[in-house]
Amino acid sequence: MQSSRHSSKEGDPTFQAKSRSTGEVLRRVAVYLRPYKAMAAANIGCALLSLACSMAFPQLTQLIVNDVVNGQSGHYLWPVIGLVAAFFFRDLFNSLRLLVNNTFEQNVIYDMRREVYARLQRLPVGYFDQRASGDLMTRVIEDVNSVERVLIDGTEQGTIAILSIIGFGLILFLKNPAVAAISLIPIPILTVGAMWYTLTAHRRYRAQRQAASAMNALLMDNLQGIRQIKAFNRQNHEDDRFAKRADELRQGTLGIMRVWALYSPVMNFATSLGTGLVLWYGGSLVAAHKMNVGELVAFLLYLALFYDPITKLHGLNQMIQAARAAGERVFDILDATEERRASAGVLAQPVRGEVRYENVGFSYGPERITLKNISLHAAPGEKIALVGPTGSGKSTLVNLLPAFYESTSGRITIDGQDITGIMLDSLREHISVVSQEAFLFNGTVRENILYGKLDATEEQLLAAARAANCHEFITRLPDGYNSHVGERGVKLSVGEKQRVSIARALLKNAPILILDEATASVDTATEKLIQEALERLMANRTSFVIAHRLSTIRNADQILVLRHGEIIERGNHEELLAQDGLYAKLARIQNTTFIEESFEKIGAVE
Ligand code: ATP
């Protein structure tokens, strides 16, 4: 389900969730309770038993008060003992209820969070292009918690409240119908209040959740860009930006609190008004000897038990509105269309790595076509270099192969099999991607290399590291292969990170390789080590290299020159020189290491 871009606040990276009715959200969250029916029953059972013990209180108090009024001081010992026993069991059941409730709650949070996370991982790359990580994190962490509260506490409190209202209401009517009727006077006020609150709170909760997301998104962005913030000396600027987002969250939260601060006491006052009316009318009955004091006291105590769940229902309504706003955001993720699911085929073994693009077209959105009529053929083991000015579509072209994005027209085949009919797991199992900026996970060097093949043996791991020319430097690290690389591999140099990522790809040993050559300059010795590692990685694999170094391009079996999303020239180095086109112009420019410099010199940059 697509949600629309939120544009009310400048630079707000969050998305407004699709609005859903309370009923829809509640129905959907109820699904998570199904596996825990026994726990739900135990939870409600304990709450009911605890409530039943509370019910003895007014009746026993009536006995005690009447004994005291009648001067029968010796008679009320047993009712007092009974009362203490009732309190004991009330609290015992309450303790059990809390235990069950918390286990139930944590189980449901765990299930829901896992489901949301699993879905997130299966959403297409394009989904993440449009959303801020901090927004998604807020949904997985905070919003799931909020939805869950209504599930557990709401179910329990709602059931108990409704049963209490019916039960105590009946008792009140059995005790004295006329006084009971008086006690119902505040009900219309309570109903109107609840309706007003429901309408007002939902809007405010939505805004508040959005503000929380926006703040978290900014925080995450800033943590990732902390070096840039410092390098540009923008701490004060960032302080201000964060303060603005934090203030929006504060205002949003205060807005909710203000409504609650008005609503909750007004509702309480309405019930107190009922108590006052009952006291006034009941007192007149006692004065007229139509009711005894004990009965009036018992009635007032039952009345408190009758009004209490009504107050709780308001709290529940608050919880539901919070959960509705949070649920809308969680269900936005759960309803988003997964990466292709229909395909059931697998690549036939062994995969030779023959790749064909047949008139492939692609656009990221309706505004612009990014790739047009791309046709290419890579024989198994061939090295294809992609060159072209920045923005010409090189990355987009290779990203279609592992189906990070789906082509909008034409077809792509591997060993003659259309990739749209192949399960993503099978497809990606046979393609390695080495990106320009090596991304390492926050773990050890060993974990990062093993990411290529989780069950690799120690020998395989070491062989890959040696082939990638990184074994030497790893053994020199304080903890060798168990050294932590820091977030995104921050503790390693650019050249080291590149080689670890090459080792990871070597270990994966896929027949097809996508390599976005790094443009970062490293010293000549490191450059040589990286080139060697890359040569080993490309050997016997069909390699698509987004080439930036002229030396890499010269060695390619085919060179594809892209411009404005089209292949304008193709052939090997000699053939392209003979064609005397853009590539020949590039090649004639001497003294450059990176192809971009040549493009700039001949003015072919978009
Ligand atoms: P470079 O050499 O600078 O990396 P490139 O040739 O690899 O460039 P692409 O990254 O494929 O070019 O981009 C092609 C076009 O598509 C560009 O105009 C770019 O702005 C656009 N583009 C790239 N990625 C996205 C995206 N995720 N969403 C929308 N547009 C995109």
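The values are calculated or read from the model by the stated rules, or taken from the named source; none is laboratory data. Just so we're clear, the structure is a prediction, and the values are computed from it rather than from any experiment. All Cβ positions, glycine included, derive from the backbone under ideal geometry; neighbour counts span all protein chains shown.
Give the residues of segment 123-140 that are more than 16 Å from the ligand (Cβ to nearest atom) and closer than 25 Å to Ser21 by Cβ, sorted by residue number.
Answer for segment 123-140, where residues must be more than 16 Å from the ligand (Cβ to nearest atom) and closer than 25 Å to Ser21 by Cβ: Asp135, Leu136, Thr138, Arg139, Val140.
Can you work out which of the residues in segment 320-376 that are of a type in the set (Val, Ile, Thr) and not in a loop (DSSP other than H, G, I, E, B) is surrounded by the most Cβ atoms within 10 Å (Cβ to Cβ)?
Selected residue: Val330.
Of all residues in segment 404-415, which are out of contact with any helix residue (DSSP H, G or I) (no Cβ under 6 Å at 6 or more places or on another chain) and buried (at least 20 other Cβ atoms within 10 Å of the Cβ)?
Selection gives Ser407, Ile414.
Just name the residue that is farthest from the ligand (Cβ to nearest atom) out of those in segment 324-370 that are closer than 30 Å to Gly134 by Cα and without any contact (Cβ under 8 Å) to a residue 40 or more places away in the chain.
Checked segment 324-370; the qualifying residue farthest from the ligand (Cβ to nearest atom) is Arg341.
Mind counting the residues in segment 371-392 that are modelled with pLDDT of 90 or more, farther than 11 Å from Gln558 by Cβ and either within 9 Å of the ligand (Cβ to nearest atom) or not small (Gly, Ala, Ser) (or both)?
Result for segment 371-392: 5.
So the check is Cβ under 7 Å with 6+ separation or different chains; which pairs have a first residue in segment 121-136 that's within 20 Å of Gln210 (Cβ to Cβ) and a second one that's within 11 Å of the ligand (Cβ to nearest atom) and part of a helix (DSSP H, G or I)?
none
Do the conditions hold for Asn591, that is, is it over 41 Å from the mean Cα position of the chain (by Cα), modelled with pLDDT of 80 or more and of a type in the set (S, T, N, Q)?
no
Restricting the search to segment 517-539, which residues are part of a loop (DSSP other than H, G, I, E, B) and under 40 Å from the mean Cα position of the chain (by Cα)?
Selection gives Glu517, Ala518, Thr519, Ala520, Ser521, Val522, Ala539.
Tell me which residues, restricted to segment 538-562, are farther than 17 Å from Ile512 by Cα, more than 16 Å from the ligand (Cβ to nearest atom) and not polar (S, T, N, Q).
The answer is Arg554, and nothing else.
Which pairs turn up if I take residues in segment 377-404 that are free of Cβ contacts under 8 Å to residues at least 24 places away in the same chain and among the hydroxyl-bearing types (Ser, Thr, Tyr) and look for partners that are part of a helix (DSSP H, G or I) and within 10 Å of the ligand (Cβ to nearest atom) with beta carbon separation below 9 Å, at least 6 apart in sequence or on another chain?
Matching pairs, first to second residue: none at all.
Within segment 289-313, track down each residue that is more than 14 Å from Ser54 (Cα to Cα), of a type in the set (Gly, Ala, Ser) and surrounded by fewer than 19 Cβ atoms within 10 Å (Cβ to Cβ).
None - no residue of segment 289-313 is more than 14 Å from Ser54 (Cα to Cα), of a type in the set (Gly, Ala, Ser) and surrounded by fewer than 19 Cβ atoms within 10 Å (Cβ to Cβ), so the list stays empty.
Pick from segment 221-266 the residues that are surrounded by fewer than 15 Cβ atoms within 10 Å (Cβ to Cβ) and among the aromatic types (Phe, Trp, Tyr): which of them is farthest from Gln318 (Cα to Cα)?
Looking at residues that are surrounded by fewer than 15 Cβ atoms within 10 Å (Cβ to Cβ) and among the aromatic types (Phe, Trp, Tyr), I get Phe232.
May I ask you to verify whether Leu440 is in a helix (DSSP H, G or I) and in contact (Cβ under 8 Å) with a residue 24 or more places away in the chain?
No: the conditions fail for Leu440.
Could you tell me which residue of segment 479-516 is farthest from the chain's Cα centre (by Cα), considering only residues that are in a helix (DSSP H, G or I) and among the hydroxyl-bearing types (Ser, Thr, Tyr)?
Ranking the candidates gives Tyr481 first.
Can Ser551 be described as assigned to a helix (DSSP H, G or I), modelled with pLDDT of 75 or more and not charged (D, E, K, R)?
Criteria not met by Ser551.
Considering every residue within segment 397-420, establish whether at least one is in a helix (DSSP H, G or I) and more than 16 Å from the ligand (Cβ to nearest atom).
yes
Please go through segment 117-148 and give me each residue that is among the basic types (Lys, Arg) and surrounded by 19 or more Cβ atoms within 10 Å (Cβ to Cβ), ordered by number.
Result: Arg131, Arg139.
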